[in-house]
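A.B. asks: Got a structure for you, written out below as structure tokens; questions coming shortly.
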Amino acid sequence: MNTFVNKIRERINLKLYNSKNLVLGIFRILLILFTISAIGAIVYYYGFPQTSETKELLLNYFKVVFGFYVLHYITQIIYDFSPLQFIKKTWFQAIMMLLLILEGLHNEIFGHMLLPTLFERLGMHNAADYTGVFIHIYFLITIISELGKPSQILTKIKLDPSVIFTLTFILIILSGTGLLMLPEMTTIKGSMNFLDALFTSTSAVCVTGLIVEDTATFFTFKGQLILMALIKIGGLNILIFSTLMAFAAKFGISVKHHNVIEDFVNKDSMFGTGGMLRNIILWSIGFELLGAVLMYFLWSDHIPFRNSGQKIFYSLFHSVSAFNNAGFSIFTDGFGNPLVQHNYGVHWILSVLIFLGALGFVPIFDIFEPRAILNRYVNKWKSFKIDTRIALYYSLGLIVFGAVLFFALEYNNTLKDQSLYGKITGAVF
């Protein structure tokens, strides 16, 4: 049976071979055009006020783009000599395509999209805004994963990693500045001025937490979403670069850094089954989601969330901000706000996220990676690596020292109106 199937597959491959380069080349060009135009359409759709006519027109265009991406992916499967291996290698894209197909079928059968319905059942009103989150994420991942393999680009660039790092930061900051200046990102009439937008974007990307406007009241949901994305991308950029430099220092960088970079991002795809870059992205998202879930159940009942959707967003925003050490909050006056000042459970979750984010991923992998844990369990004599022990113990030591000092100096000052548990929490936080 397998022999028969293989023969059929071989005949199909031979018939398709002559047209493979032409067809995939055309799709590659169309992919670039569709992606660029779709990004522009998204910016216009979510950044400017829309009439019902323009909104419907743009939504129909998004459906066309989604249809193209599904067709492009199916074409890649057809022309690949090992379709199952291709699907395994591009598992993330496969999941996204499946979601798009389900959305399309649900819309055709029931007359409405599946994702907005799900958001509405979670208590998220204005579901179109939340659907936009999905669209933004999808197009971003599509650009990264399909427009030229990232590893191939990095290994061809004849620049020092520090230069690439700097240029990437500048590009992200300028993009963030432009997005924050869009009219729909702020609650004021008109838009944010250039210098304020540049400062805020720089602060978010470089995770400093400095602001010139109250994040809670000045920005709309869309603006806060952009800030969260900038924090995530900027924090990820720092984590990736610091981890890359740690590996470069460990293994040497004599071959123009290129072998280190190539191994770091994996040879085939940023989302391949291996690769340090993939692990950093997935682990960071995992920690942030876990932190958001815990915070969701620990928020005080005194906080007047409008619905569960807002509660989810507040949890996710503060989890991302904490893990990336950004210092941004969508509470006026941050966690000094009376509504959350004594929400000690949330303070502890934030403290742990801040600590893990600052610790770095080389120690995190050594501490939490399942294979490392199993290795230590089987080989009782094994412990954490020396660099992990240095980072972990020194960080914990500094936190304990600072907390004790703060507790002693502020006991009868800023901490005087709090319980003993509150004083300890405040000192550590």
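A.B. asks: With loosely packed, with under 15 Cβ neighbours inside 10 Å, of a type outside the set (A, V, I, L, M) and in a helix (DSSP H, G or I) as the only criterion, which of 309, 286, 291, 357 stands out?
C.D. replies: That would be 286, the only listed residue that is loosely packed, with under 15 Cβ neighbours inside 10 Å, of a type outside the set (A, V, I, L, M) and in a helix (DSSP H, G or I).
A.B. asks: A further question follows. Quick one: in the range 326-346, which of the residues that are aliphatic (A, V, I, L, M) and within 21 Å of residue 205 (Cα to Cα) is surrounded by the fewest Cβ atoms within 10 Å (Cβ to Cβ)?
C.D. replies: Filtering the range 326-346 for residues aliphatic (A, V, I, L, M) gives 326, 330, 339-340, 346.
Next, only the ones that are within 21 Å of residue 205 (Cα to Cα) stay: 326, 330.
Values: 326: 27, 330: 20.
Once the filter is applied, the top-ranked residue is 330.
A.B. asks: I've got another one for you. Name every residue in the range 149-192 that is in a loop (DSSP other than H, G, I, E, B), among the hydrophobic types (A, V, I, L, M, F, W, C) and at pLDDT 85 or above, in order of residue number.
C.D. replies: Just the residues of the range 149-192 that are in a loop (DSSP other than H, G, I, E, B), to begin with: 149, 157-160, 181-182, 187-192.
Next, only the ones that are among the hydrophobic types (A, V, I, L, M, F, W, C) stay: 157, 159, 181-182, 188, 192.
Those that are in a loop (DSSP other than H, G, I, E, B), among the hydrophobic types (A, V, I, L, M, F, W, C) and at pLDDT 85 or above: 181, 182, 188, 192.
A.B. asks: Out of the range 17-48, which residues are of a type outside the set (Phe, Trp, Tyr) and touching a Leu at 6+ places or on another chain (Cβ under 6 Å)?
C.D. replies: As a first pass, look at the range 17-48 and keep what is of a type outside the set (Phe, Trp, Tyr): 18-26, 28-33, 35-43, 47.
Correct list: 41, 47.
A.B. asks: Which numbered condition trips up residue 100, out of (1) at pLDDT below 80; (2) surrounded by fewer than 16 Cβ atoms within 10 Å (Cβ to Cβ)?
C.D. replies: Tallying (1) at pLDDT below 80; (2) surrounded by fewer than 16 Cβ atoms within 10 Å (Cβ to Cβ), residue 100 fails exactly one: (2).
A.B. asks: Among the residues of the range 200-217, count how many are surrounded by fewer than 19 Cβ atoms within 10 Å (Cβ to Cβ) and assigned to a helix (DSSP H, G or I).
C.D. replies: Final tally of qualifying residues: 2.
A.B. asks: Being closer than 19 Å to residue 351 by Cα, surrounded by 15 or more Cβ atoms within 10 Å (Cβ to Cβ) and of a type outside the set (Gly, Ala, Ser) is the filter here; which residues of the range 371-406 pass it?
C.D. replies: Residues satisfying the conditions are 392, 399, 406.
A.B. asks: For the range 341-392, which positions are over 22 Å from the mean Cα position of the chain (by Cα) and of a type in the set (Phe, Trp, Tyr)?
C.D. replies: Scanning the range 341-392 gives 344, 348, 377, 381, 384.
A.B. asks: Of the residues 331, 361, 384, 429, which single one is under 22 Å from residue 297 (Cβ atoms) and either at pLDDT below 85 or among the charged types (D, E, K, R) (or both)? Don't jump to the end; show me each part of the working.
C.D. replies: Values: 331 fails: either at pLDDT below 85 or among the charged types (D, E, K, R) (or both); 361 fails: under 22 Å from residue 297 (Cβ atoms); 384 fails: under 22 Å from residue 297 (Cβ atoms).
After ruling out the rest, the residue left standing is 429.
The values are calculated or read from the model by the stated rules, or taken from the named source; none is laboratory data. Small disclaimer: the values here were computed from a predicted structure and weren't measured. Here the Cβ is made from the backbone with ideal geometry for all residues, glycine too, and neighbour counts use every protein chain on show.
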